[in-house]
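Visitor: Got a structure here, written out as structure tokens. Questions coming.
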Amino acid sequence: MTADSSASDPVFPVPERLLNGKPTPFVSSFEEYKKLWEESVQDPTSFFGKLGRETLTWSKPFETVMSGSLLEGDVAWFLEGELNACYNCVDRHALAQPNKVAIIHEGDEPGNVRKITYSELLREVCRLANVFTSLDVRKGDTVAIYMPMVPETVMAMLACARIGAVHSVVFAGFSSDSLRDRINDCGARLVLTADEGRRGGKNIATKRIVDEALKGSPSVDHVLVLRRTGSEVPWADGRDLWWHDEIEKTRPYCPPTNVNAEDPLFLLYTSGSTGTPKGVMHTTAGYLLGAALTLKYIFDYHENDVYACMADVGWITGHTYLLYGPLMNGATTVVFESTPTYPTPSRFWDLIQTHKVTQFYTAPTAIRALRRLGDKWLEGYDLSTLRVIGSVGEPINPEAWHWYNEKVGRNVCAVVDTYWQTETGSIVVSPLPGAISTKPGSATFPFFGIKPAVLDPQSGKELEGNDVTGVLAISQPWPSMARTVYKNHNRYLDTYLKPYKGYYFTGDGATRDKDGYIWIRGRVDDVINVSGHRLSTAEIESALILHPAVAEAAVVGGNDELTGQCIHAYCTLKPNVEDSEGLEKELSLQVRKVIGPFATPKRIYVVPDLPKTRSGKIMRRILRKIVNNEQDQLGDTSTLAEPA
Ligand code: WT7
């Protein structure tokens, strides 16, 4: 971690389009932001009490705004309150504006567009909720969702919320092994899937992957299968049910089940630095409030805007900024099934022009890839409806930021580099479009209610003032923070709350520069971020060790111009096993099989030995330096067993 932000960082003022254009931004000066932020952290009870009453519709009002502490790990918000997440996202808008478009589905093939109004959405969600009930899913039960990017996936999540069931969406790029582990951890009895997915012109064997996973998942009674491509798929009679058959039997209204503010809304599995993925649990009211407020203020969302988040709903960005944030605000949200380059690298720009998108949200890896393919793909596209363009998932390098700002934002949009995590539930550090001048590469300032702290990693002492670098923590609870790790509260405490007592530890390094801007420096633990996909080195190592030829494996993150980081894996072989041509390919396939294609190592090195300490611990630090061509900075190697 180096403090390479300097006096020379260019500062981009709030664009004229936002200051003088229409609609007027909700927060339109730095002073106003500062005042609101100070209120929010000094008196969170009054700040979020008011916003909680205004933003959410309650079936029973809360009395206590917040309780618990980061020290004890017992944080709860809006305790006595009762509400229903689906009612908040769908019913109230369906009642007020039944014909407003809730979802625009941009299918894999351009021109394959489906629009769903709020009243249609309500009916479809109700039918599905009734199907779930008929399959004996009850409040508090977990439903696993392994589906492509189609509106039915969003409906499924909302239908769970409607009956108080807990959804656990598994990104459809995960392998059957990963899916099985996640289903078994959460004990789902119902799994939702599709016959096949469709992406970039190719069919994906979604149902087959589910079938494979279920060989090792005894808890599952039923699989509800959406017909997406119509291809023939294997069928388990009694277990498998067609979505369209079941829907036909049910009535298009289902009363919402009101739940407590602190009842779980969903689980989402994410990688940590050790062991198996954690089922991060988010609860209902606090999460929804965080999603609603950040969407409104950070994207400056106004009525009649068309909001497009390109993330897959299988990741937290899809949960918060494709589904819950937009629908809480009664927005029109885009569900995008394809890829940025299908059928051509103009796909995003075509989508923005066609649907008159006002807010666009994607990841640096996509921006870098499109930048590399050349500006000609943007030529002739009308992007003038855009006001705010966002970036998420990994640090955005200044070159990519400038390109995004100039070519996509045409120097008139606000660029919001939004920093957050699966565990934070919603964005925690980001510019506000009308209020905060930006510096390319910096996520700038904390959102309301977020009190960031830069800590000295060794002493844990808070580094006060500006121009400091350390690890990033948050020093007081906020409404959308994760409450626990499913069935493993100790792991939650150990990972987030115990490393620095009284703080939530993010796992990221950060600098607060001389002007108070926050720069995220990347993970300080064994988590690596490939194209915004979060993986743990330990997970990939365990996958490799499952291969019969492998004795030991060490995985480190290398720098990559396109994907941010990439995976380098070092393996030693078991005695009597010879390195053979094709072995590296086999090991690579092994990782794809155990985790999923997005975890494919960029390089696999079969080596005679791994650098270890005398006590036998693999020194990944050394390997990291080697893959990043920093051999000259190997540091202290004297503790190595065999320095050579
Ligand atoms: C990790 C969280 C939250 C949405 C997607 C990722 C990195 C995320 C940024 C950003 C620098 C970022 C951090 C964080 N990260 N956004 N704007 N600038 N780094 O969620 O899978 O939970 O990963 O992504 O390292 O800890 P996630």
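Visitor: Look at Val170 and say whether it is within 25 Å of the chain's Cα centre (by Cα) and either over 18 Å from Val313 (Cα atoms) or of a type in the set (Val, Ile, Thr) (or both). Even if it seems obvious, please write down each step before you answer.
Guide: On the way: within 25 Å of the chain's Cα centre (by Cα): yes; either over 18 Å from Val313 (Cα atoms) or of a type in the set (Val, Ile, Thr) (or both): yes.
It is true that Val170 is within 25 Å of the chain's Cα centre (by Cα) and either over 18 Å from Val313 (Cα atoms) or of a type in the set (Val, Ile, Thr) (or both).
Visitor: Sticking with this one: Restricting attention to the range 306-352, which residues are within 16 Å of the ligand (Cβ to nearest atom), among the β-branched types (Val, Ile, Thr) and assigned to a helix (DSSP H, G or I)?
Guide: Matches in the range 306-352: Ile316, Thr317, Thr320.
Visitor: May I pose another question? Going through the range 445-459 one residue at a time, which ones are in contact with a Ser or Thr (Cβ under 6 Å, 6 or more places away or on another chain) and not in a loop (DSSP other than H, G, I, E, B)?
Guide: Correct list: Ala453 only.
Visitor: Would you mind listing the strands (runs of 3 or more DSSP E) fully within the range 152-214 where at least 2 residues are assigned by the TED database to the domain that holds Leu265 and under 30 Å from Ser59 (Cα atoms)?
Guide: On the way: elements: 166-169, 190-194, 197-199, 202-204.
The strands (runs of 3 or more DSSP E) meeting that bar are 166-169, 190-194.
Visitor: Go through the range 433-453 residue by residue and tally those that are crowded, with 20+ Cβ neighbours inside 10 Å and away from the ligand (no atom under 15 Å from the Cβ).
Guide: 6
Visitor: Follow-up question, since we're still on this one. Return the residue satisfying two criteria in turn: it lies in the range 591-617 and is basic (Lys, Arg) and not in a helix (DSSP H, G or I), and of such residues it is farthest from the chain's Cα centre (by Cα).
Guide: Here the answer is Arg614.
Visitor: Considering only residues that are within 16 Å of the ligand (Cβ to nearest atom) and either β-branched (Val, Ile, Thr) or farther than 29 Å from Ser28 by Cβ (or both), which ones fall in the range 398-426?
Guide: Across the range 398-426, the qualifying residues are Glu399, Val415, Val416, Thr418, Thr422, Glu423, Thr424.
Visitor: Next up: Does the range 278-287 contain any residue that is polar (S, T, N, Q), assigned by the TED database to the domain that holds Leu190 and in contact with a Ser or Thr (Cβ under 7 Å, 6 or more places away or on another chain)? Can you show your working first?
Guide: Initial filter on the range 278-287 (polar (S, T, N, Q)): 283-284.
Narrowing the set further to residues that are assigned by the TED database to the domain that holds Leu190 leaves 283-284.
Subset that is in contact with a Ser or Thr (Cβ under 7 Å, 6 or more places away or on another chain): none.
The answer is no, given that none of the residues of the range 278-287 is polar (S, T, N, Q), assigned by the TED database to the domain that holds Leu190 and in contact with a Ser or Thr (Cβ under 7 Å, 6 or more places away or on another chain).
Visitor: When only residues in the range 239-288 that are over 18 Å from the mean Cα position of the chain (by Cα) and of a type in the set (Phe, Trp, Tyr) count, which is farthest from Asp185 (Cα to Cα)?
Guide: Tyr253
Visitor: Is it true that some residue in the range 242-251 is over 23 Å from Ile116 (Cα atoms) and in contact with a strand residue (DSSP E or B) (Cβ under 6 Å, 6 or more places away or on another chain)? Let's see the steps before the verdict.
Guide: First, the residues of the range 242-251 that are over 23 Å from Ile116 (Cα atoms): none.
Looking for residues that are over 23 Å from Ile116 (Cα atoms) and in contact with a strand residue (DSSP E or B) (Cβ under 6 Å, 6 or more places away or on another chain), one finds none in the range 242-251, hence no.
Visitor: Can you tell me which residue in the range 512-526 is surrounded by the most Cβ atoms within 10 Å (Cβ to Cβ), limited to those that are within 19 Å of Pro499 (Cα to Cα) and acidic (Asp, Glu)?
Guide: Top of the filtered list is Asp526.
Visitor: Another question, then. Condition check: of a type in the set (S, T, N, Q) and within 16 Å of the chain's Cα centre (by Cα). Does Thr365 satisfy that?
Guide: On the way: of a type in the set (S, T, N, Q): yes; within 16 Å of the chain's Cα centre (by Cα): yes.
Judged against the criteria, Thr365 is a match.
Visitor: Output the residues belonging to the range 526-541 that are in contact (Cβ under 8 Å) with a residue 60 or more places away in the chain, more than 9 Å from the ligand (Cβ to nearest atom) and not aliphatic (A, V, I, L, M).
Guide: Asp526, Ser531, Ser536, Thr537, Glu539
Visitor: If you don't mind, there's one more thing I want to ask. Counting only residues that are outside any helix (DSSP H, G or I) and not hydroxyl-bearing (Ser, Thr, Tyr), which one in the range 33-63 is surrounded by the fewest Cβ atoms within 10 Å (Cβ to Cβ)? Before you say what the answer is, go through the steps one by one.
Guide: Of all residues in the range 33-63, those outside any helix (DSSP H, G or I) come to 43, 56-63.
Remaining after also requiring not hydroxyl-bearing (Ser, Thr, Tyr): 43, 56, 58, 60-63.
Numbers: Asp43: 12, Leu56: 24, Trp58: 19, Lys60: 12, Pro61: 13, Phe62: 21, Glu63: 10.
Taking the candidates together, the pick is Glu63.
Visitor: Here are Glu630, Glu586, Glu581: which of them is surrounded by fewer than 16 Cβ atoms within 10 Å (Cβ to Cβ) and either in contact with a Lys or Arg (Cβ under 9 Å, 6 or more places away or on another chain) or of a type in the set (Gly, Ala, Ser) (or both)?
Guide: Numbers: Glu586 fails: either in contact with a Lys or Arg (Cβ under 9 Å, 6 or more places away or on another chain) or of a type in the set (Gly, Ala, Ser) (or both); Glu581 fails: either in contact with a Lys or Arg (Cβ under 9 Å, 6 or more places away or on another chain) or of a type in the set (Gly, Ala, Ser) (or both).
Testing whether each residue is surrounded by fewer than 16 Cβ atoms within 10 Å (Cβ to Cβ) and either in contact with a Lys or Arg (Cβ under 9 Å, 6 or more places away or on another chain) or of a type in the set (Gly, Ala, Ser) (or both) leaves just Glu630.
Visitor: Okay, moving on. Among the residues in the range 16-24, are any over 27 Å from the mean Cα position of the chain (by Cα), in a helix (DSSP H, G or I), surrounded by fewer than 16 Cβ atoms within 10 Å (Cβ to Cβ) and at pLDDT 95 or above?
Guide: no
Visitor: Same structure again: Restricting to the range 519-550, name every residue that is within 17 Å of Lys585 (Cα to Cα) and part of a strand (DSSP E or B).
Guide: Across the range 519-550, the qualifying residue is only Val550.
Visitor: Which condition does Met1 not pass, out of (1) within 28 Å of Leu493 (Cβ to Cβ); (2) at pLDDT 95 or above, if it passes all the others?
Guide: Single failed check for Met1: (2).
Visitor: Within the range 416-430, track down each residue that is buried (at least 24 other Cβ atoms within 10 Å of the Cβ), out of contact with any Pro (no Cβ under 7 Å at 6 or more places or on another chain) and part of a loop (DSSP other than H, G, I, E, B).
Guide: Trp420, Gly425, Ser426, Ile427, Ser430
Visitor: Moving on. Taking the condition under 27 Å from Leu295 (Cα atoms) and of a type in the set (Phe, Trp, Tyr), does Tyr504 pass? First the steps, then the outcome.
Guide: Working: under 27 Å from Leu295 (Cα atoms): yes; of a type in the set (Phe, Trp, Tyr): yes.
Yes; evaluated as a whole, the condition is true for this residue.
Visitor: If you go through the range 465-481, how many residues are part of a loop (DSSP other than H, G, I, E, B), surrounded by 24 or more Cβ atoms within 10 Å (Cβ to Cβ) and of a type in the set (Gly, Ala, Ser)? Full working, then the answer.
Guide: We begin by selecting, within the range 465-481, every residue part of a loop (DSSP other than H, G, I, E, B); these are 465-467, 475-481.
Those still in the list that are surrounded by 24 or more Cβ atoms within 10 Å (Cβ to Cβ) too: 478-481.
Now drop any that are not of a type in the set (Gly, Ala, Ser), which leaves 480.
Adding up the residues that qualify gives 1.
Visitor: Looking at Arg228, Arg239 in this structure, which one is crowded, with 17+ Cβ neighbours inside 10 Å and either among the basic types (Lys, Arg) or not assigned by the TED database to the domain that holds Arg123 (or both)? If you could, list the steps in order and put the result at the bottom.
Guide: On the way: Arg239 fails: crowded, with 17+ Cβ neighbours inside 10 Å.
Arg228 is the lone residue from the list that is crowded, with 17+ Cβ neighbours inside 10 Å and either among the basic types (Lys, Arg) or not assigned by the TED database to the domain that holds Arg123 (or both).
Visitor: Run Lys115 past the list (1) within 27 Å of the chain's Cα centre (by Cα); (2) charged (D, E, K, R); (3) surrounded by 15 or more Cβ atoms within 10 Å (Cβ to Cβ) and report the number of the one that doesn't hold.
Guide: (3)
Visitor: Now for a different question. Which one of these does Gly502 not meet: (1) among the small types (Gly, Ala, Ser); (2) more than 9 Å from the ligand (Cβ to nearest atom); (3) not assigned by the TED database to the domain that holds Thr469?
Guide: Going through the list (1) among the small types (Gly, Ala, Ser); (2) more than 9 Å from the ligand (Cβ to nearest atom); (3) not assigned by the TED database to the domain that holds Thr469, Gly502 breaks only (3).
Visitor: Which numbered condition trips up Arg371, out of (1) outside any strand (DSSP E or B); (2) within 13 Å of the ligand (Cβ to nearest atom)?
Guide: Of the numbered conditions (1) outside any strand (DSSP E or B); (2) within 13 Å of the ligand (Cβ to nearest atom), the odd one out for Arg371 is (2).
The values are calculated or read from the model by the stated rules, or taken from the named source; none is laboratory data. No experiment lies behind these values; they were computed from the predicted model shown. All Cβ positions, even for glycine, are placed from backbone atoms using ideal geometry, and neighbour counts span all protein chains on display.
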